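Structure first, then comments.
What follows is calculated from the coordinates using simple rules that are stated; it is not laboratory data. Since the model is a prediction, treat every value here as computed from it, not as a measurement. Because the Cβ atoms are built from the backbone with ideal geometry, glycine has one as well, and the counts that use them run over all protein chains shown.
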Amino acid sequence: MSQVCPYCKLANPPDALQCDCGYDFVFHKFPPAVTCTTKSARSRLVERWLLITLLIIGLPIVGYLAIVIFVYVECYVFHNCF
């Protein structure tokens, strides 16, 4: 059965001594230096998903706008289509 970190809720192997966020399963606490400086695994995961979502939504929009601007400039400015 896996160990679930009480701080970041990340599932860890049963033989893990420490979670990715720094929580120590042996002493049931954070090391003093890690407590204030390390991001939790959950916050890193959320940041990663936000970046991926932004790229998936943002890149097609930027590409579409580039095509629209190109067609407008090519047709209207150079060929007087409209």
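Grab the DSSP H runs of the chain that are 4 residues or longer, score each as -39,500 (n - 2.57), total them, divide by all residues and round the 222 nm result to the nearest 500 deg cm²/dmol. Intermediate results must be reported in sequence, preceding the final value.
Numbers: 1 runs with 32 residues, N = 82.
The helix-only estimate for the chain comes to -14000 deg cm²/dmol at 222 nm.
Between [x] 1.36; [y] 0.95; [z] 1.46, which matches Rg/Rh (Cα atoms, Kirkwood Rh) calculated for the structure shown?
This structure yields the entry labelled [z].
Counting pairs of alpha carbon atoms under 8 Å apart in space and at least six apart in sequence, what relative contact order in percent does the chain give?
Computed over the chain, the figure is 16 percent.
List the residues whose amide H sits under 5 Å from the amide H of Q3, counting only those 5 or more places along or on another chain, with H placed 1.01 Å from N in the peptide plane.
N12
Which FRET efficiency, nearest 0.05, do I67 and E47 yield, Cβ-Cβ r, R0 35 Å? Display every interim value, and only then the final one.
Numbers: r = 30 Å, r/R0 = 0.87.
In this case the efficiency is close to 0.70.
Working from Cα positions, state the angle (0 to 90°, nearest 10) between the long axis of helix 41-72 and the longest principal axis of the chain.
On a 0 to 90 degree scale, this one is about 0.
What FRET efficiency do you get for K29 and L55 if R0 is 35 Å and r is their Cβ-Cβ distance, rounded to the nearest 0.05?
Working: r = 37 Å, r/R0 = 1.07.
Calculated transfer efficiency: 0.40.
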